[in-house]
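The values are calculated or read from the model by the stated rules, or taken from the named source; none is laboratory data. Just so we're clear, the structure is a prediction, and the values are computed from it rather than from any experiment. For neighbour counting, all protein chains shown are included, and Cβ atoms are generated from backbone atoms with ideal geometry for every residue, glycine included.
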Amino acid sequence: MKKTALIVLLVAAFISCKKKEDPKEDNPATPVTPGSTCPTCSFPDTVWGSASSVGPRLIFKFKFDSTQVRLNNLGQPSLVPAGNAGQSPKFNGMSAHYIELAQDDFTQVGGGSVLYKAEETECGGSKAIVFCKSVVCKDGDVFYSVPLKDVKAGNYKWLRVSLAYQNYDIKVRSKDAGIIDGTLASFVGFNTYVSKYKMKNAVMTPTISPETNKLQGYWGFYTKVFGVEFKMEGQAPATTVVNPNPNSPIPAGSCLVTGEFYNSNASQLQPLSITGNETQDIIITVSLSTNKSFEWKEITADGLYQPEIGETVVDMGLRGMIPKY
């Protein structure tokens, strides 16, 4: 049958892919590092919560923009290299792990106003983000808010946001089924403790070194072919992390994206000013470039990802950030 042949081809194309564990197995066993306790939780939240509490707040919202300029690690415009191809995915959700306001070019990581840091654990190996306690938000959602009275007064040139998890849809070409939709879960944080995650309500359980935390660039893929679920996973060799400020390097292996504040009213780059005397909310729209952010090594030059012929994922990093207020 065609669907059987297709599944065999897909599995053979990716030697890193293995048969998934029973979806009913919610919490695969993970060794505990001495002195640490494994987090106990289910799947991530989907909303941060209300930003309408008493008093003015500093509010952060996600925006995913496929038309925003595509940048490289150094913040310079970047084209997709010859031999590769890219798609601008349709984002379903994203989570952040760390938020910091930096006063100037020479404010080193951690030296600014750190507003948020998500929970971490050493269960499963070295320190890692606890995926099941992440907050996954859609385009336009509030992903963090804090009372302005709790933010240190000052002028801030840069925003740093460590992105941890992406979930998006891409177009895939299948030999037998034609062009179909696929969903990709991309773990771009420095390390991630994850025992399960969902895509299109399908439960995914990592099988690549399931007993250890996942390195930056681990991904899972899900689609249906002729009504049959297909799941696979892999490890991208690199993740683009945009930092246009050379005077303040980011830690190796992190996904700490840096962007310069932009005043929408003045239509120009301009530091964010916090006085401590605000009477209204300040809303920061964190505009992220999804411009061909999903990149793969292309075998057939058609601009469509084809895993069954051996096309492999190269990069899943966001391609720039503009914090607008």
* To do: Please go through the stretch 271-310 and pick out each residue that is buried (at least 16 other Cβ atoms within 10 Å of the Cβ), among the polar types (S, T, N, Q) and over 15 Å from Met321 (Cα atoms).
  => Gln306
* Restrict the check to the stretch 138-154 and report whether at least one residue is surrounded by 15 or more Cβ atoms within 10 Å (Cβ to Cβ), within 17 Å of Phe190 (Cβ to Cβ) and under 21 Å from the mean Cα position of the chain (by Cα). => no
* To do: Mind counting the residues in the stretch 172-196 that are in contact with a Pro (Cβ under 9 Å, 6 or more places away or on another chain), over 23 Å from Val286 (Cβ atoms) and not small (Gly, Ala, Ser)?
  => 4
* Scanning for something assigned to a helix (DSSP H, G or I), within 30 Å of Lys292 (Cα to Cα), modelled with pLDDT under 95 and out of contact with any helix residue (DSSP H, G or I) (no Cβ under 6 Å at 6 or more places or on another chain), does the stretch 133-147 turn up at least one residue? -> yes
* Structure fact -> Across (1) buried (at least 21 other Cβ atoms within 10 Å of the Cβ); (2) within 22 Å of Arg319 (Cβ to Cβ), Ala252 clears everything bar (1)
* To do: Would you confirm whether any residue within the stretch 70-80 is under 21 Å from Tyr305 (Cβ atoms) and touching a Pro at 6+ places or on another chain (Cβ under 8 Å)?
  => yes
* Asked: Do we find that Arg173 is out of contact with any His (no Cβ under 9 Å at 6 or more places or on another chain), assigned to a strand (DSSP E or B) and under 22 Å from Leu288 (Cβ atoms) in this structure?
  -> no
* Scan of the stretch 181-196 for residues that are in a loop (DSSP other than H, G, I, E, B) and farther than 11 Å from Trp219 by Cα, ordered by number -> Gly189, Phe190, Val194, Ser195, Lys196
* Would you say Gly86 is assigned to a loop (DSSP other than H, G, I, E, B), within 26 Å of Cys137 (Cβ to Cβ) and of a type outside the set (A, V, I, L, M)? -> no
* Structure fact -> Wholly inside the stretch 246-325, strands (runs of 3 or more DSSP E) that include 1 or more residues that are farther than 30 Å from Asp169 by Cα are 272-274, 282-289
* Structure fact -> Expected single match for crowded, with 22+ Cβ neighbours inside 10 Å and among the hydroxyl-bearing types (Ser, Thr, Tyr) among Thr212, Thr192 is Thr192
